[in-house]
1. Using R₀ = 22 Å, calculate the FRET efficiency as 1/(1 + (r/R₀)^6) where r is the Cβ-Cβ separation of Ile23 and Leu55; round to 0.05.
2. Place the peptides 87-93, 15-21 in order of packing, highest mean first, counting for every residue the other Cβ atoms within 10 Å and averaging per peptide.
3. Within 10 Å of each candidate Cβ there may be at most 12 other Cβ atoms; applying that plus a DSSP loop requirement, which GluC sites (Glu not before Pro) in the range 1-65 survive?
4. No solvent, one uniform scatterer per C-alpha: report log10 I(q)/I(0) for the range 3-60 via the Debye equation at q = 0.26 1/Å, two decimals.
Amino acid sequence: MGLGYAVGVVGFLFLAHAAYSTIQYRSLLKITEEEFTGPPVTVVMELVAGLFFCLWAALTVPGKFLSILPQSDENRVVALPSNLDFMIFNHRGKAFSMGIDMKQK
């Protein structure tokens, strides 16, 4: 388990705690019969920090990008499939072109 996973878990915990804090704050406002105008500043800062940590983890955990080699045979489609029975050219997309009657004058 690398640093990226740990940062992602911390970011998720920040987001979960911010959600719990907002729910708790709204229930407190219901008890005191005040109107909800927005979450407290601490919750907003916690949301921003959690978003930053989760975004950083999502960008670093997958690893390095590999280059695509143009001369590689694995990256090319050079032939049609051998079983042509499943290639359908008569489908419902034809109805869209028939429904439009465009005549040039």
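Derivation of every value follows stated rules applied to the coordinates shown; laboratory data play no part. Quick caveat, the model's predicted, so the values are computed rather than measured. For neighbour counting, all protein chains shown are included, and Cβ atoms are generated from backbone atoms with ideal geometry for every residue, glycine included.
1. Values: r = 24 Å, r/R0 = 1.08.
Given R0 = 22 Å and the Cβ-Cβ separation, E is 0.40.
2. Values: 87-93: 6.7, 15-21: 15.1.
Highest to lowest by the protection proxy: 15-21, 87-93.
3. Details: sites: Glu33, Glu34, Glu35, Glu46; in loops: Glu33, Glu34, Glu35.
Of the GluC sites (Glu not before Pro), the ones in loops of the range 1-65 whose Cβ has at most 12 other Cβ atoms within 10 Å are Glu33, Glu34, Glu35.
4. Computed log10 I(q)/I(0) values: -0.92.
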